[in-house]
Amino acid sequence: MGNILAVDDETAILVMIQKILTRDGHMVTTVSDPGAVKQLNLASFDLILLDVMMPGMDGYTLCKEIRGYVDCPILFLTAKAEENSLVNGLEAGADDYILKPFGKLELRARVSAHLRRDRREHTSRITFSNSYFNLSGKQLIVGEVAVPLTKGEYEICEFLARSPGQVFSREQIYERVFGFDGESNDSTISTHIKNIRIKLESLGYTPVKTVWGIGYKWEE
């Protein structure tokens, strides 16, 4: 089951979407004003449905503006079948589209398929509100920027991020990242943390917190 956001200026469409998807056990948040979307906790959604033609801000523009904050599937709801429109949607950051008018079976099938695929892909990710770890590629992405971390710095970040909110001592971090047979000592963790913070703070991101007298934790 997923937490789904549906954005459409037509109330009837939102009511229909909510009825169909809640019957499958999904939680559905509906928004008729595209300008209000960025006020939501976008990272909490597992899938987003966006209407293309909306007053004030079209779906393409909204998709581009929020794509840097979410990595969940975004599906356009569009009445336009022209090739150019679909290309524009994919270039804006969407994953798929559903052509209006659509039936309940198609909506349920498309949503379920994307949720299943996304969950498989997320086994190789750790995702936060404005960042994610590409575990297979050993990268930390903040917004849309890959942070230039050294191998040791990345391993420290990933270790902390796997248990957000939990405090680890320098000794625990050192043993986990460098092992008992490491060639240095746990005081190097302080230097690594300092360098990590400099790189993350340059992107306006400060998830590594110091708990005085104890150690460090990852917390947004």
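Observations, loosely collected:
- Filter result for Phe76 (surrounded by 18 or more Cβ atoms within 10 Å (Cβ to Cβ), among the hydrophobic types (A, V, I, L, M, F, W, C), in contact with a helix residue (DSSP H, G or I) (Cβ under 7 Å, 6 or more places away or on another chain) and farther than 30 Å from Ala12 by Cα): no
- Yes/no for Val52 being among the β-branched types (Val, Ile, Thr) and free of Cβ contacts under 8 Å to residues at least 60 places away in the same chain: yes
- In the set (1) touching a Phe, Trp or Tyr at 6+ places or on another chain (Cβ under 8 Å); (2) surrounded by fewer than 21 Cβ atoms within 10 Å (Cβ to Cβ), the condition left unmet by Ile20 is number (1).
- The residues listed here are Leu105, Leu135; of these, the one that is more than 22 Å from Thr29 (Cα to Cα) and either over 11 Å from the mean Cα position of the chain (by Cα) or in contact (Cβ under 8 Å) with a residue 60 or more places away in the chain (or both) is Leu135.
- Cβ-Cβ distances below 9 Å connect no pair with a first residue in region 15-38 that is on the phi > 0 side of the Ramachandran plot, a second residue that is modelled with pLDDT of 95 or more and open to solvent by less than 40 Å² (accessible area, probe 1.4 Å), and a separation of six or more residues or different chains.
- Qualifying residue in region 7-24 (condition: in contact with a strand residue (DSSP E or B) (Cβ under 6 Å, 6 or more places away or on another chain), under 19 Å from Arg116 (Cα atoms) and not in a helix (DSSP H, G or I)): no
- Remark: pairs (first residue in region 151-163, without any contact (Cβ under 8 Å) to a residue 40 or more places away in the chain; second residue in a helix (DSSP H, G or I); Cβ separation under 7 Å; 6+ apart in sequence or on different chains) = Glu155/Val177; Phe159/Ile173; Phe159/Arg176; Phe159/Val177.
- Scanning region 41-59 for residues that are in a loop (DSSP other than H, G, I, E, B) and open to solvent by less than 60 Å² (accessible area, probe 1.4 Å) yields Phe45, Asp46, Val52, Met54, Met57, Asp58.
- Condition broken by Cys72, with the remaining ones in (1) over 23 Å from Met27 (Cβ atoms); (2) part of a loop (DSSP other than H, G, I, E, B) satisfied: (1)
The values are calculated or read from the model by the stated rules, or taken from the named source; none is laboratory data. Predicted model, so just to flag it, every value in this text is computed and none were measured. Don't worry about glycine lacking a Cβ; one is built from the backbone with ideal geometry, like all the others, and counts go over all protein chains shown. Heads up: the accessible areas ignore ligands, DNA and RNA and are worked out on the full protein's heavy atoms, side chains in. Shrake-Rupley method; radii C 1.70, N 1.55, O 1.52, S 1.80 Å.
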